[in-house]
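Notes for the one structure printed next.
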Amino acid sequence: MLDISAKNLNPQPMNSRFCFLIDDDEDDREIFAMALKKAKAEFVCTMARNGKEAITKAHEGDFVPSYIFVDLNMPMVSGRDVVEAFKNIDRFKNVSIIVYTTSSLEKDITELKEMGVTHYLVKPTSFSALVGILSNLFAHKEMPFFLGEALPAKPN
Amino acid sequence: MIIFTLPNLPKKEAMHISQPAPAGLPLYNNCYSGLDTAVMEILPVSIHTCDNNGKITFYNSAAVKLWGQAPGTEKWCGAFNTYTAEGEPLDKEAIFNRMQTDGTPIPPTEIIIERPDGSVSFIMALVSVIYDGQGGTVGTIHMLMDISEKRSDNAALQQMLQRKAEENLLALKKSEERYHQMIDEVQDYAILLLDRNGFVLNWNKGAQKIKGYTEAEIVGQSFKIFYLTEDVIKKLPERLIEEAALNGRAEHEGWRMRKDGTTFWGSVVITALHDSNNNTIGFSKVTRDLTERKIAEDLLRSSSRDIEFRNKQLEEYAYVASHDLQEPLRKIQVFSEMLMENLDDREELIRYVDKISASAGRMTNLIKDVLKYSQLNAGEELFEKINLNVVLQNVLEDFDLLIEQRKVKLTVDNLPVLRGVPIQMHQLFSNLLSNAIKFSSTAPQISITASNPTDEDIAEIPLLNKGLPYVKIVFKDNGQGFDQDYADQVFKMFKRLDNTPGTGIGLALCKKITEGHNGCITVKSNPGDGAEFNIFLPLL
């Protein structure tokens, strides 16, 4: 499994593009890395294990990822907090931020959309589905904002 | 009346009559030559004259008919007997003497005459004085009219009226009695009459049954006595009768007080009563005892609230369970796929299978925990006297190995005895100890102490302020702690602050258990400073 710390990427070779994944779940980080490899072999992935680490890394380094994938349900500093912080980082201005989460709550989708994320991706139950979505993404194919099946709404 | 003036003629001596004179002939022809006796004779009305001494000097045939006889020696009137209209003997002498002395004529007077044959007649008598032209009187002239018929008609009418009046009175009394009975015997409603100021005028059996006072005890008292003190202070009684006076009626439902101090739920209607000028003169008040219905309604409402609450909880469980089961299930599916693509790599294979197993295991635990949580609604019947020291000892035994491994330094106080569900107390202590150990630092120190709630605690937690004694049990550790801002979140179902193993339900269980025992749980913590879990439980 590839897990490259941001520090190792200075200076960036032009044709080496990478993703930045922030997810507190070890298994999901592994799954993502595998899917990434399948979708676009040359893409590597920088990881952060929680929101705090992600923000710290972003401020300390000067890397610019091609895509940022953020999980929402993380302890202490949530994915939403991370998105908010990243939106205030100048060099990330044009970077596509994609929510990568298990939550499909209406309010989360709306809120994150308003914050300016590019896509809202619900973690698929199928590995090949994930690979397919990532492939399309990297091929700049036209895709809807919301990617995935929605669960029934939470009772009031 | 005709006044006769006589010419200057010498008076003649009166002739004594030994026998009745024939009717129509004037006795003193030469005295009364001015009298047109022929006219008087044919008048159908009894006319007779008397001299100053009352001796009858002239009479017509109508008089004889009236008297039933020709006059004898009777003075002033030829009837056998004369009486006043009331039946008292008539003192004719006195009357006529008085008339002659002061000259005032007698007004038309009702008398009764009695004939020799015993029959009576009602007579209207008119009498006047005859003057001699020189200021002296000669005698009197009398006209007697028989009004017996009229009188008897009157009498009959009066009797009829009397009878009718009596009948009406009787009917009224009967009607009054009926109404009275109608109201009095009603037992299900208190029907009262109040005066304009709310003082009780009337009582019925229903009022006695519902409110407890007898008629003698309550009539004359103010109806405020039926109201609770707090309502009297709020002037509720006054407002109700004023509303009735204004709008004709006032309705109210609320607690009322009986004579013995107990309360009942009354449904009351107060109606204003008016006189013919539309002034409010009093009120009728009808009260119904609906205590049973109210209790049933309250029970129903609380039951339905209960059901609603349980339904909501059920929905939450369903959501949380299905939602949180998605994650391990997803991983099983994804890793299964990934496994299929790596069938040749044995190490990878084993790794994936392990992950799949782990996920399956998590699902099992999750399901167990949700079930445990949902079953925490223990009824009173499971409560018993528990010695918490025994419970703690059992829990410590469960964690023996772990405590030794982690080299945990344990301090334990003496814990009290209280009422509770033993298995839940065990769960409570177990979860808290588990957390304390899980989040411990390298040199873990855990203390379990018991004390009274501090003044600060009582100020912060309304539950402790109800006058019941509570014990404060503190599980303190020196582990990694967390931000006090998350203090509430930690007790939420499936909320975890980091990724250490566990389903995140432990503290939610603790909260539910303490609340089920009428207590509560709070936490104070700071990152790096450990955590202090405070459990408040009611003592016996």
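Each reported figure results from applying straightforward, stated rules to the coordinates on display, with no laboratory input. Because the structure is a prediction, the values reported are computed rather than measured. Cβ sites come from the backbone with ideal geometry, for glycine too, and all protein chains shown count toward neighbours.
Taken over the Cα atoms of the stretch B:186-289, the convex hull encloses 87 Å³ per residue. Legend: residue pairs A:93/A:113; B:205/B:234; A:87/A:141, Cα-Cα distance threshold 26 Å; pairs beyond threshold, B:205/B:234. For the stretch A:76-156, the Kirkwood radius over C-alpha pairs fed into Stokes-Einstein at 37 °C and 0.692 mPa s yields D = 238 µm² per second. Couplings for the stretch B:308-314, taken from phi via the Karplus curve 6.51 cos²θ - 1.76 cosθ + 1.60 with θ = phi - 60°, read 4, 4, 5, 4, 4, 4, 4 Hz in order; Gly and Pro are left as x. The tail of the calculated P(r) for the stretch B:379-540 beyond 28 Å holds 16 percent of all Cα-Cα pairs.
Peptides B:295-302, B:449-456 ranked from most to least packed, by the mean per-residue count of other Cβ atoms within 10 Å: B:449-456, B:295-302. Backbone geometry of the stretch B:83-91 corresponds, through the Karplus equation with coefficients 6.51, -1.76 and 1.60 at θ = phi - 60°, to 3J(HN,Hα) couplings of 9, 6, 4, 8, x, 8, x, 8, 8 Hz, x marking Gly and Pro. Nearest 10 degrees is fine. How inclined is helix B:506-516 to the longest principal axis of chain B, computing both from alpha carbons? Rounded to the nearest ten degrees, it is 30. Scaled against 2.2 N^0.38 Å for its residue count N, the alpha carbon radius of gyration of the protein assembly as shown is 2.25. Per-residue mean of foreign Cβ neighbours for B:315-327 is 3 (Cβ atoms of other chains, 10 Å radius). What is the percent of Cα-Cα separations in the stretch A:16-142 that go past 20 Å? Looking at the stretch A:16-142, the distances longer than 20 Å represent 38 percent of pairs. Distant-in-sequence amide contacts of residue B:273, defined by a placed amide H-H separation under 5 Å and a gap of 5 or more residues or a different chain, comprise B:281, B:282, B:283, B:284.
Taking a straight line from the alpha carbon of residue B:511, these lysines sit under 19 Å away, with near neighbours fewer than eight places off in the same chain left out: B:312, B:368, B:372, B:438, B:472, B:476, B:492, B:495, B:524.
Nearest 10 degrees, 0 to 90: what angle lies between the long axis of helix B:422-438 and the longest principal axis of chain B (Cα atoms)? Roughly 50 degrees between the two axes. Bridgeable lysines around residue B:209 (alpha carbons under 17 Å apart, same-chain partners fewer than 8 residues away excluded): B:259, B:285. Couplings 3J(HN,Hα) of the stretch B:213-221, computed from phi: 7, 8, 4, 4, 6, 10, 4, x, 8 Hz, in residue order, whole Hz [Karplus 6.51 cos²θ - 1.76 cosθ + 1.60, θ = phi - 60°; x for Gly and Pro]. Across q = 0.14 Å⁻¹, the stretch B:294-375 modelled as identical point scatterers on its alpha-carbon atoms has Debye log10 I(q)/I(0) values of -0.62, in the order of the q list.
In terms of its Cα atoms, the stretch B:37-146 spans 42, 34, 24 Å along the principal axes, sorted from long to short. The aspartates and glutamates within cross-link reach of residue B:150, meaning a Cα-to-Cα straight distance under 13 Å and a gap of 8 or more places when in the same chain, are B:110. Per residue of B:330-338, other chain Cβ atoms within 10 Å of the residue Cβ number 6 on average. Report the Cα centroid-to-centroid distance between the stretch B:99-162 and the stretch B:401-473 in angstrom, as an integer. Cα centres, the stretch B:99-162 to the stretch B:401-473: 121 Å. Against the main long axis of the alpha-carbon atoms of chain B, helix B:148-185 sits at an angle near 10°.
For residue B:419, nonlocal amide neighbours, meaning residues 5 or more places apart or on other chains whose placed amide H falls under 5 Å from its own, are B:386, B:540. Close amide H partners of residue B:412, meaning residues 5 or more places away or on another chain with modelled amide H under 5 Å apart, are B:448. From its DSSP helices (H runs of at least four residues, each -39,500 (n - 2.57)), the protein assembly as shown gives a residue-normalised ellipticity at 222 nm of -12500 deg cm²/dmol. Look at the stretch A:82-89: the mean tally of other chain Cβ atoms within 10 Å of its residues' Cβ atoms is 0.
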